[in-house]
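**Student:** First, the structure itself, so that you have it in front of you.
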Amino acid sequence: MLGSFCLLFALGLASYCLVVGIVAAVRKDSRGDRLAETGRRAGMASFVAITAAALALVWSALNNDFSLAYIYGHTNRALPTPYKLAALWSGQEGSLLFWSWLLASYGFVLRLRHKVDRKLVANTSMILAGIQVFFLILVNFVANPFGLMDRVAADGKGLNALLQYPEMVIHPPMLYLGYVGFSVPFAFALAALMMRYPGEKWIHITRRWTMVTWLFLTCGITLGAHWAYAVLGWGGYWGWDPVENASFFPWLTGTAFLHSVMMQEKRGMMKVWNVWLIFVTFMLSILGTLLTRAGLVSSVHAFAQSSIGSWFVTFLCIIFTVCLVTYIINRKHLVAENKLESLVSRESSFLFNNLVLLAVTFAILCGTLFPILSEAVRGYKINVGPPFFNKVTIPMGLFLVFLTGVGPLLAWGSTSFASLRRNFTIPAALSLLVAVGLIVVDMRPWSGATQLGTWWSGIGISQFYSWMAIVLGTLVFACVASEFIRGGRVLREKLNTNLAGAMYHLTRRNMRRYGGYIAHIGFAVVVIGLAGLAFNQEKEQEMGLGDRLRIGHYELIGQAYTQDDNANYRSEAAQLDVYKDGKWLAQMNPEVRVYKANEQPDHMVAIHHSALEDLYVIYAGKNPDNGHTIIKAFVNPLVSFVWIGVLILICGTGLALVPNAAPVRATVPATVAVPAMKEHGMNPLGASK
Amino acid sequence: MKRLAEILLLSCMIMLLMGADSNSNDERFERLGSKIMCTCSCSQMLLKCNHVGCPNSDPMIRQLRALVGGGRDIVNGLASSSSDIAGLRPMSNDEDVLNWFRKTWGVTAVVEPGSRGLELWAWILPPLALTLGLFAVLFTMRNWRLRPAQAPASAKKLDPHLEALRDRARRETEL
């Protein structure tokens with residue numbers, strides 16, 4: 001009751017904020033300003049109302065209030081408390097409420113910081129209110145999380161088994177923070193265009209918003225990949241599932257935006273491109289929510305499906321129309337101030353980087369939406385899976401890695417051949433050395449697959465790609481390292497310090513640039529990790545007591561097979577002793593659980609991590625003919641590089657968010673300064689101690 | 001310089017587009033198996049399906065093994081005793097194997113678009129978009145280079161001292 005009332009009240013407040021925002025934008029006088037201020041306050045109040053509604057739903061989940069259909073459908077009494085919290089975003093209605101709450105939170109912070117630029121923030125607040133109204137209409141009238149049951153049940157249906165995993169408590173919020181967060185730079189861009197806002201201030205204001213949002217999305221995608229690796233139990237972390245792809249779209253275009261805004265900031269170029277890039281990024285966020293929540297395409301992630309698709313499609317059409325009309329009316333405002341001086345320049349590398357990122361987005365979009373298109377044209381769905389995505393995106397991705405390495409070596413404006421040769425020789429030589437070294441250690445780019453023969457080669461990706469990925473990853477690493485060393489050397493002499501100290505000062509002086517370079521290193525490490533897929537090994541075998549399964553350097557021996565039963569689930573598990581090269585390594589316990597509330601099976605994968613490879617073991621089930629346990633084992637090389645690479649990427653982006661330190665002034669040597677001070681009757685600091 | 005850049009670009013493109021696939025039966029089994037999806041609605045690839053008690057993946061895998069004439073045992077001891085591979089002969093053409101699965105298990109069983117009709121467009125569109133984008137970028141660059149530069153709004157007010165410092169910064173940082 002309270003929740004429903006709060007949602008209705010929030011809708012009223014957000015609508016008021018939207019309407020008075022429009023009136024204030026049209027009037028442009030002091031009365032309009034006062035109206036805008038009331039709208040700002042209403043927007044802040046809507047955050048309080050939506051927070052109260054969200055808390056009411058969480059409270060109902062914690063107290064097993066099965067009179068609410070949503071609580072009945074997504075929790076049960078035996079569900080552990082953290083998963084009851086996760087129930088807020090585990091279903092359609094709850095996740096839409098969660099979307100609204102996150103948007104209201106972003107809006108609250110924005111409205112609180114309105115002194116940055118009152119006029120621009122007022123218009124931005126109006127646009128955010130418009131988005132808020134859409135989501136509040138959905139949660140009030142289409143997918144209300146406070147819908148009541150006809151009869152109160154004794155227990156609920158429980159949470160989806162796949163979601164009962166610690167990472168699942170934080171993965172969706174991170175992803176949603178990313179999706180929702182793009183609303184803010186979108187609203188700023190649209191508001192700035194509507195107002196014909198002079199200069200690049202909107203970009204300066206939104207830079208941190210965009211980076212934080214991008215960071216959340218990166219964390220969300222990685223947590224999702226890790227969850228897929230640890231829970232779905234098929235041995236990999238990225239399966240090109242439509243919902244995975246949906247989270248990737250705004251990430252790719254957001255990455256393009258983060259790079260291309262630098263051209264606008266530094267050179268006053270690509271204004272139209274940047275505005276459209278952020279428009280498209282936001283629309284792709286909405287599309288991502290649509291794909292996740294409306295069940296348009298079949299997915300292992302389709303936890304909540306319904307017929308809200310038409311609402312989202314309508315909303316997307318409205319957004320596109322508003323963006324297009326605003327652009328057409330104000331396009332003269334977006335004239336570039338500079339021209340491109342040379343094809344070999346930082347600007348052109350950004351252009352190509354954007355082109356490749358957009359082409360990858362388009363390719364993935366094509367594959368993801370192809371089943372819908374084929375159903376519309378032919379009357380049945382033609383599925384598109386990993387073979388297509390790998391074949392189409394990996395060559396483009398490798399070109400992107402190449403640009404990641406070369407881009408930072410190019411100067412703004414134009415780069416001379418001498419400068420290019422000076423900067424590029426050592427990184428190129430190093431990557432060439434690695435290329436030859438890999439061939440020496442039997443990783444030949446011209447062979448289709450290794451003796452270890454794997455699904456990697458099977459899905460159309462030859463070992464060449466893997467070799468190329470490692471070589472280009474090294475190139476990126478070497479290019480970035482050479483940039484740090486070159487800058488460090490210059491500063492070392494000026495500051496009279498060692499190279500490491502100089503590199504630290506260098507980074508502190510330009511956090512954005514060098515934080516970005518660290519993020520590039522993280523990307524290179526991820527790419528090297530992905531190259532490990534070419535060497536995956538896989539084996540499946542029936543195992544009884546004392547039976548042995550050999551895979552790579554490992555030997556698994558069946559020690560015991562157990563069964564368990566508790567209030568939440570039944571389980572079967574294997575106890576396996578693992579030996580590596582004859583030496584005992586660890587005991588692994590793969591398990592399969594069947595949750596009682598919904599009779600859903602779920603694999604608890606056993607993973608032994610090491611720096612160079614993971615041993616990944618699944619309890620695959622029992623052979624119905626003889627009752628023997630089936631164990632599936634994988635050796636996945638370089639997986640840890642992927643997780644470590646993402647951590648470096650996150651750290652780099654985090655560093656880029658930190659403000660620069662003031663330049664360190666070179667100190668005057670004491671031998672000169674102290675006598676001079678004494679001559680003038682002054683005491684050096686600390687001299688009296 | 002220009003020639004070197006062209007050669008470098010060309011070599012990269014050629015290297016990216018090359019790469020051979022192996023043709024042994026085991027590798028064919030892996031390759032084709034990763035183009036087919038389990039049809040039990042678990043949304044997993046055929047060879048990756050870990051669905052406990054899956055009614056579809058076992059017969060599908062056995063049929064694939066029979067059609068390819070090789071491939072690893074996914075579940076030991078079941079392949080030879082099954083009746084769902086009766087009458088199946090190995091096929092030498094990959095597309096024929098995939099078409100057999102499309103016909104037997106429905107078009108949704110194969111997750112790689114075919115090379116005819118509408119499905120061909122799925123393959124054509126991404127590289128076409130990239131090529132058009134490339135031309136668009138090159139065209140934009142050409143336009144930028146031909147267009148006279150606009151004087152910066154603040155050009156007249158530049159402080160000579162500040163400009164000297166900027167020159168020095170450009171020299172030292174190569175920006």
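Coordinate-derived values only; no laboratory data. On a predicted model such as this, the values are computed, not experimentally measured, just so you know. We place every Cβ from the backbone using ideal geometry, glycine too, and count neighbours over all the protein chains shown.
**Student:** I'd like the distance between the alpha-carbon centres of the stretch A:371-450 and the stretch A:245-265, rounded to an integer number of Å.
**Tutor:** 18 Å
**Student:** For the stretch A:410-415, in order, what is each residue's ³J(HN,Hα) by Karplus, 6.51 cos²θ - 1.76 cosθ + 1.60 with θ = phi - 60°, in whole Hz (x at glycine and Pro)?
**Tutor:** Along the stretch A:410-415, the couplings run 8, 8, 5, x, 7, 10 Hz.
**Student:** Do the sum for chain A: with -39,500 (n - 2.57) for every DSSP H run of n ≥ 4, divided by all residues, what is the mean residue ellipticity at 222 nm, to the nearest 500 deg cm²/dmol?
**Tutor:** -21000 deg cm²/dmol
**Student:** Between A:Asn623 and A:Ala611, how many nm apart are label points set 7 Å from Cα along the C-beta direction?
**Tutor:** Label at A:Asn623, label at A:Ala611, 4.0 nm between them.
**Student:** Related question: What is chain A by shape, rounded, prolate or oblate, if you read a ≥ b ≥ c off the alpha carbon gyration tensor as root eigenvalues and call it rounded for a/c under 1.5, prolate for a/b larger than b/c, and oblate otherwise?
**Tutor:** Taking the square roots of the gyration eigenvalues as a ≥ b ≥ c, chain A is oblate.
**Student:** Right, something else. What pairs in A:Lys381/A:Lys622; A:Lys119/A:Lys271; A:Lys271/A:Lys391; A:Lys201/A:Lys332; A:Lys157/B:Lys35; A:Lys596/A:Lys622 have C-alpha atoms more than 25 Å from each other?
**Tutor:** From the list (A:Lys381/A:Lys622; A:Lys119/A:Lys271; A:Lys271/A:Lys391; A:Lys201/A:Lys332; A:Lys157/B:Lys35; A:Lys596/A:Lys622), the Cα-Cα distance tops 25 Å for A:Lys381/A:Lys622; A:Lys271/A:Lys391; A:Lys157/B:Lys35.
**Student:** Sticking with this structure for a sec: Which value, in debye to the nearest 20, describes the size of the charge dipole of the stretch A:9-73 about its Cα centre when Lys and Arg Cβ atoms bear +1, Asp and Glu Cβ atoms bear -1, and nothing else is charged?
**Tutor:** 340 debye
**Student:** What list of ³J(HN,Hα) values in whole Hz, one per residue of the stretch A:278-286 in order, does the Karplus curve 6.51 cos²θ - 1.76 cosθ + 1.60 (θ = phi - 60°) give from phi, with Gly and Pro shown as x?
**Tutor:** For the stretch A:278-286, the Karplus curve yields 6, 4, 5, 4, 5, 5, 5, 5, 5 Hz.
**Student:** Then there's this: Which GluC sites (Glu not before Pro) in the stretch A:527-623 pass both tests, a DSSP loop state and at most 14 other beta-carbon atoms within 10 Å?
**Tutor:** Of the GluC sites (Glu not before Pro), the ones in loops of the stretch A:527-623 whose Cβ has at most 14 other Cβ atoms within 10 Å are A:Glu599.
**Student:** Average partner chain C-beta neighbours within 10 Å, per residue of B:133-144?
**Tutor:** 4
**Student:** Let me ask another. Taking the Cα centre of chain A as origin and charging only Cβ (+1 Lys, Arg; -1 Asp, Glu), how large is the dipole, in debye to the nearest 20?
**Tutor:** With Lys and Arg at +1 and Asp and Glu at -1, about 3240 debye.
**Student:** Choose one of A:Pro80, A:Val48, A:Leu35: the residue whose Cα lies farthest towards the positive end of the charge dipole of the stretch A:25-125 (beta-carbon charges +1 Lys, Arg; -1 Asp, Glu; about the Cα centre).
**Tutor:** A:Leu35
**Student:** Using +1 at the C-beta of Lys and Arg and -1 at the C-beta of Asp and Glu, which of A:Met604, A:Val635, A:Met396 has the Cα lying farthest in the positive direction of the dipole of the protein assembly as shown?
**Tutor:** A:Met396
**Student:** When Cβ neighbours within 10 Å are restricted to other protein chains, what is their mean count per residue of peptide A:376-385?
**Tutor:** The shielding value for this peptide is 5.
**Student:** If you don't mind, another one. Per-residue mean of other chain beta-carbon atoms within 10 angstrom of the beta-carbon, peptide A:225-235?
**Tutor:** Neighbouring Cβ atoms belonging to other protein chains average 2 per residue here.
**Student:** Once you order the gyration tensor axes a ≥ b ≥ c over the Cα atoms, which shape class does the stretch A:73-145 get: rounded for a/c under 1.5, otherwise prolate or oblate by comparing a/b with b/c?
**Tutor:** oblate
**Student:** What FRET efficiency comes out for the pair B:Arg145/A:Arg422, r = Cβ-Cβ distance, R0 = 30 Å, nearest 0.05?
**Tutor:** That gives a FRET efficiency of 0.75.
**Student:** Follow-up question, since we're still on this one. State the Cα centre-to-centre distance between the stretch B:104-135 and the stretch A:1-69 in whole Å.
**Tutor:** 46 Å
**Student:** Separate question: Give me the distance between the Cα centres of the stretch A:313-350 and the stretch A:132-146, rounded to whole Å.
**Tutor:** 33 Å
**Student:** May I ask which residue of A:Leu506, A:Val116, A:Gly621 lies farthest towards the positive end of the charge dipole of the protein assembly as shown, with charges of +1 (Lys, Arg) and -1 (Asp, Glu) on Cβ and the Cα centre as origin?
**Tutor:** Final value for the positive-end residue is A:Val116.
**Student:** According to a simple spin-label model (label point 7 Å from Cα along Cα-to-Cβ), what is the distance in nm between A:His553 and A:Val313?
**Tutor:** Distance between label points: 5.5 nm.
**Student:** Under the 0.36 nm per residue contour assumption, what length would be gained going from the current alpha-carbon distance of A:Asp29 and A:Trp584 to full extension?
**Tutor:** 191.9 nm
**Student:** Taking θ as phi - 60°, what are the ³J(HN,Hα) couplings along the stretch A:110-127 by the Karplus curve (6.51, -1.76, 1.60), each to the nearest whole Hz, with x for Gly and Pro?
**Tutor:** 4, 5, 5, 9, 5, 6, 3, 6, 4, 5, 5, 5, 4, 5, 4, 4, 4, 5
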